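One structure is given below, encoded as structure tokens.
The values are calculated or read from the model by the stated rules, or taken from the named source; none is laboratory data. Keep in mind that this is a model prediction, so the values were computed, not measured. Counting neighbours? That spans all protein chains shown, and the Cβs are built from the backbone with ideal geometry, glycine included.
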Ligand SMILES: NC(=O)c1ccc[n+]([C@@H]2O[C@H](COP(=O)([O-])OP(=O)(O)OC[C@H]3O[C@@H](n4cnc5c(N)ncnc54)[C@H](OP(=O)(O)O)[C@@H]3O)[C@@H](O)[C@H]2O)c1
């Protein structure tokens, strides 16, 4: 069985491609060839790598036909960000593949109502990224349920793993926040620190894709959250990380309008994007239908990533 993964050398592909090879699939990975996976793995020696720039190929109307020409049984699309892009691919793959798996995001949801949020809840996305991802999901599931393309949408939370900076307890990506907690210094959080973030380890996202492939009849026409078993409040996250560093948590709280002036503009924007969503998503459906069982809690995933950064001197403790 031949799997084509579009965008296979990123956070998720680093774990998913070796899992696919080990499970016996023939794997072709499409990317621009500009980067290596975060971790080397012998499995990559048996992966066919095809260099295509999706945006350029789509612009020429060639991307879908080039994917179809690879004769995949399964296509995993890690990097679809617009409805037009999804439609272009589906037009080429209709009737040609057994399964199309799309990587979405939990930002298909806007403000939460009942938490944990289930996949059944109406979508109220905001921001272009979430709006586009929700439109892609709606389109793919509609096409799947009408029997036009056997598609599944998987929605990760904040993806974490060794090799890149995890979303920190202040809701942005500056590693200094971890250093301050490690030294027992005071950090300032917005509002009461009760807004939430929902991480997931990249390998657990990969596991969800494997589960969806293995449980085809339950997965087609369906969307699944792929997050850790529980979201974290910013305050709880900060306290747990300080504890992990062996320090007391010294936390101060400021109303958003004051807090945003205490960090760089890009950090304030990242925090706003995260706390405005304050995701807290259920994984009951993925557990029940895909056998999804994440190996990492949010904290375990972050701590593995932070350990990796400490070992390489990128976080000074
Ligand atoms: N990061 C998060 O926290 C997060 C959270 C929720 C959902 N997601 C979703 O996860 C997906 C991204 O997965 P990821 O984080 O594993 O990917 P990633 O780390 O961003 O890697 C992107 C992959 O796509 C390739 N790529 C990028 N631009 C390309 C282009 N124009 N043409 C062909 N290949 C291209 C990259 O390789 P080259 O650079 O070599 O081309 C790489 O293999 C997205 O759909 C995103 O919405 C991410």
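Taken over segment 159-168, the residue count meeting the criterion of being crowded, with 22+ Cβ neighbours inside 10 Å and either within 15 Å of the chain's Cα centre (by Cα) or more than 16 Å from the ligand (Cβ to nearest atom) (or both) is 5.
Take the conditions (1) within 11 Å of the ligand (Cβ to nearest atom); (2) under 25 Å from residue 220 (Cβ atoms); (3) part of a helix (DSSP H, G or I); residue 80 misses just one of them, which is (3). Which of the residues that make up segment 86-99 are outside any loop (DSSP other than H, G, I, E, B) and touching a strand residue (DSSP E or B) at 6+ places or on another chain (Cβ under 9 Å)? Within segment 86-99, 86, 89, 90, 93, 99 meet the criteria. The residues listed here are 241, 210; of these, the one that is assigned by TED's automatic domain parsing to the domain that holds residue 24 and more than 18 Å from residue 141 (Cβ to Cβ) is 210. Being without any contact (Cβ under 8 Å) to a residue 40 or more places away in the chain and over 18 Å from the mean Cα position of the chain (by Cα) is a property that residue 128 lacks. The residue that is farthest from residue 164 (Cα to Cα), counting only those in segment 1-20 that are out of contact with any helix residue (DSSP H, G or I) (no Cβ under 7 Å at 6 or more places or on another chain) and assigned to a loop (DSSP other than H, G, I, E, B), is 1. Counting only helices (runs of 4 or more DSSP H) that sit completely within segment 190-261, those holding 2 or more residues that are touching a strand residue (DSSP E or B) at 6+ places or on another chain (Cβ under 7 Å) and surrounded by 16 or more Cβ atoms within 10 Å (Cβ to Cβ) correspond to 202-214, 234-244.
Scanning segment 23-42 for residues that are away from the ligand (no atom under 14 Å from the Cβ) and either over 17 Å from residue 202 (Cα atoms) or free of Cβ contacts under 8 Å to residues at least 12 places away in the same chain (or both) turns up 23, 24, 25, 26, 40, 42.
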